[in-house]
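This report concerns only the one structure given below.
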Amino acid sequence: MNLFRHLGRAALLFALFLTHSASAATSDTGWLDAADAAKRAEKPAPHVKVELVAEKTTLTPQGVNRLAVRFTHDDGWHTYWKMPGDAGLPPRFSFTLPKDLKASEPAFPLPHRSRAAGIESFVYDGVTLFPFTVDVPRFPGVQRAEVKVRVEYLACRDMCVPETAVASIRLPIAVNGKDSDDAEAVRAALSLVPERVPADRARLTAVMEEDRIRIDLAAEAFAPRALDFYPTQPDVLSLAHAPRAEFRRAPEGGLPAGASIYLTADALFAQKPAESIRGVLVAEGGPEKGGWAIETEVPLGKGAVKAAPGAPEPLPTSAAPAAAPQGASIPASALFAFLGGLILNLMPCVFPVLSLKLLQLVEGAQKGGRLWTHGIAFTAGVLVTMLALSGTLLALRSAGGAVGWGFQLQSPAVVALLMLLFAAIVFNLLGLFEFTWGATAADSRLARRAPTTGVGGSFATGILAVVVASPCTAPFMGAALGYALTQPAAEALLVFAALGFGMAFPWLLLTIVPFWAKKLPKPGPWMEVFRRVMAVPMAAAVLWLGWVLSKQVELLGLVAVVCAVSALGVLLWQMGRRQWGRSASRALMAVMAAVALLGVAAAGSGAFERQAEASAPAADGWQRWSPKTLEEARASGRPVFVDFTAAWCVTCQANKLTALHRAEVERAMDERGYVKLVADWTNRNAEIAEVLAQFGRSGVPLYLIYRPDGRIDVLPELLTAEIVLEAVRAP
């Protein structure tokens with residue numbers, strides 16, 4: 001009766017599917033079917049059109065010859081500045097010219113900030129020109145010159161694609177050139193390039209205290225009304241915290257009497273600061289919006305720096321989330337993650353797997369074995385899987401993917417595979433077969449002598465616990481993980497490890513101090529009954545996963561997976577007959593295995609993916625969330641309640657039943673004129689991921705109330721009707 005003796009093999013299969021899913025997590029289409037794979041074998045069309053344009057119709061010897069590399073981005077796609085930000089790569093230009101002609105390095109115009117899934121980047125979109133000059137000697141030796149450029153760049157939308165383009169332009173060499181059709185565009189591009197200003201002329205100073213930096217502008221030097229600062233060095237500033245400006249007015253009004261901009265240093269830079277910082281100071285939105293931008297080096301010294309004015313970043317809300325770590329740091333976030341892991345054991349999504357752990361502990365206690373080995377194995381399974389999932393998440397987000405915690409259940413193939421795995425556990429608990437893969441049809445005694453418990457089973461249970469629990473968000477956990485995802489990988493993984501240890505700690509404690517084992521009755525038939533009772537929560541988990549899948553795929557896709565589960569049952573029934581020395585059909589087993597695999601493949605192919613209509617109502621009285629819908633709702637002057645949820649988030653569904661969809665709660669919302677929006681994250685949605693990141697969250701649930709006066713209130717992850725009523729009725 002070894003429940004999980006070799007479930008590690010099943011976990012390995014799951015890891016392979018998870019890796020496949022993760023590789024597709026930053027794409028629009030999910031898993032690729034055979035037709036898509038064939039298309040990918042062909043050379044894909046670039047997402048950025050690259051051209052060379054010139055200010056004049058000729059190249060003039062010993063003149064100023066201005067040209068530009070023009071990027072025309074496809075809708076929704078972007079490329080990166082020379083300092084890309086938290087993620088991305090800058091374009092690289094390589095020129096080929098006739099002998100004696102030289103091209104300067106292209107200048108980078110001022111980019112704009114982009115924040116997606118907690119990743120801050122400096123990007124270009126639309127049409128962007130990178131101006132440069134070509135030096136032509138007095139006697140070039142040729143009458144016509146071809147200027148050629150090879151550009152390597154990273155194009156990103158929901159996914160990132162490294163691309164290469166080659167562009168060229170042929171121009172005669174003469175002194176009587178006229179303006180070309182692109183002359184105005186080239187000159188305009190030059191005006192968008194930040195002016196380089198030496199440090200002594202910039203009239204800027206900076207001081208630093210701990211991780212706080214303040215750059216001061218001399219009163220007589222500038223009089224801006226809006227300021228920003230773009231670093232040109234990586235790993236100097238923490239881009240998760242937006243710069244905040246402060247303007248000092250002269251007595252009796254008038255123009256500002258100087259200004260300061262507050263920045264937050266990167267953790268490593270704060271430990272070993274340099275003598276200066278380099279970057280671009282942007283005023284009034286930059287040249288494109290009628291302001292200006294200068295690139296300079298600012299001397300950095302030590303000094304007192306108060307907290308930045310205004311509300312704390314990165315939360316754009318007047319009320320911090322409940323239990324958010326104030327003055328967040330890695331130790332504080334690790335502590336909150338540990339507490340969140342403890343509470344995660346009480347969340348409904350974890351119950352099915354923990355019932356397996358309870359069964360293992362009872363069986364182990366009855367056998368009189370060393371329970372502490374099971375506790376360590378379970379803890380190891382939790383930590384290994386937690387670090388694997390979080391590492392995959394961090395890698396995808398660094399690559400520009402808009403994914404969040406629980407991302408694996410946004411893949412129908414992973415959900416389908418979990419359905420099969422959980423169904424196999426149900427069949428095992430009901431006695432249909434045993435996890436004794438070494439058994440043969442001729443030797444039934446091997447199956448009968450199989451141990452009833454094992455350390456490998458505890459390790460596998462730890463794997464399953466994390467896979468199923470990861471979509472849930474417990475109190476303390478959301479803010480801690482949201483903060484961790486803005487930190488370097490090592491610090492972020494430490495926070496995720498603390499979450500996993502908190503989740504495993506109660507079970508580790510029970511195995512180290514097994515006082516409860518003495519109160520168990522003597523071994524007997526009740527243990528077999530207890531085992532079958534434990535099949536009930538696992539069967540409920542299969543039904544839950546089926547419901548999740550029904551939100552992701554059309555009816556035919558769901559039918560394919562139901563057929564796969566049925567085929568798996570027949571396969572395991574035949575396997576059980578062989579284990580006990582009875583006749584079984586090899587051909588039937590092979591056919592059933594093929595049907596099971598084909599069902600999972602069909603669910604993950606994308607052919608049956610459900611497409612939700614944006615205009616369709618989400619539920620009675622609720623509308624589907626979108627940035628446009630939210631904007632229209634707020635413009636109406638009514639309060640807005642937004643439910644960020646997902647079908648695979650059991651906590652979200654529990655909150656709906658116990659609070660959100662209670663009659664008294666909905667009546668209170670209707671009486672006060674609330675616009676009720678639901679943001680469904682069951683399938684990948686970059687816009688929802690971006691909003692979650694803005695509020696320091698990496699997963700759902702998230703509940704927001706937008707007040708007519710502009711305030712935004714964040715409700716706790718666990719709701720009661722009383723909590724929602726109090727928030728809804730608040731002024």
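Values in this text are rule-based calculations from the coordinates and carry no lab data. The structure presented is a predicted model; accordingly, all values stated were derived computationally and were not measured. Every residue, glycine as well, gets a Cβ built from its backbone with ideal geometry; the counts of neighbours run over all protein chains shown.
Given +1 at the Cβ of Lys and Arg, -1 at the Cβ of Asp and Glu and no other charges, the dipole of the range 48-191 around its Cα centre is 520 debye to the nearest 20. Rounded to the nearest 20, the size of the Cβ-charge dipole of the range 623-729 about its Cα centre is 120 debye, with Lys and Arg at +1 and Asp and Glu at -1. With the simple model of a label 7 Å out from the Cα in the direction of the Cβ, LYS49 to ALA607 spans 3.6 nm.
Over all alpha-carbon pairs in the range 107-163, figure out the percentage whose distance exceeds 16 Å. Here the long-distance tail beyond 16 Å is 63 percent of all Cα pairs in the range 107-163.
If both residues of a DSSP beta bridge must be in the range 623-729, then about 55% of such bridges are antiparallel. Please find the FRET efficiency linking ALA307 to ALA663, where r is the Cβ-Cβ separation and R0 is fixed at 41 Å, and quote it to the nearest 0.05. Here the calculated transfer efficiency is 0.35.
Ignoring aspartates and glutamates fewer than eight residues from LYS289 along the same chain, the ones with Cα atoms less than 18 angstrom from its Cα are ASP125, GLU184, GLU195, ASP228.
Across the range 545-664, Cα-Cα pairs farther apart than 26 Å form 47% of the total. Return the whole-Å distance between the Cα centroid of the range 154-194 and the Cα centroid of the range 58-106. When both Cα centres are located, 7 Å separates them.
Just want to confirm a number: the relative contact order over the range 48-191, from Cα pairs under 8 angstrom separated by 6+ residues, in percent. It comes to 36 percent, rounded to a whole number. Once the Kirkwood radius over Cα pairs is known for the range 647-731, the Stokes-Einstein relation at 20 °C and 1.002 mPa s delivers a diffusion coefficient of 156 µm²/s. Each part reduced to its alpha carbon centroid, the range 707-731 and the range 656-687 end up 12 Å apart.
Value of Rg to Rh for the range 48-191, rounded to two decimals, is 1.02; Kirkwood radius and Rg both from alpha-carbon coordinates.
Among the listed pairs LYS102/LYS148; LYS49/LYS99; LYS99/LYS148; LYS56/LYS102, those whose Cα-Cα separation exceeds 22 Å are LYS49/LYS99.
With charges set only on the Cβ (+1 for Lys and Arg, -1 for Asp and Glu), what does the dipole of the range 111-150 come to about its Cα centre, in debye to the nearest 20?
100 debye
The residue list ILE119, GLN143, SER168 was ranked by how far each Cα lies along the charge dipole of the range 48-191 toward its positive end, using unit charges on Cβ atoms, and GLN143 comes out on top.
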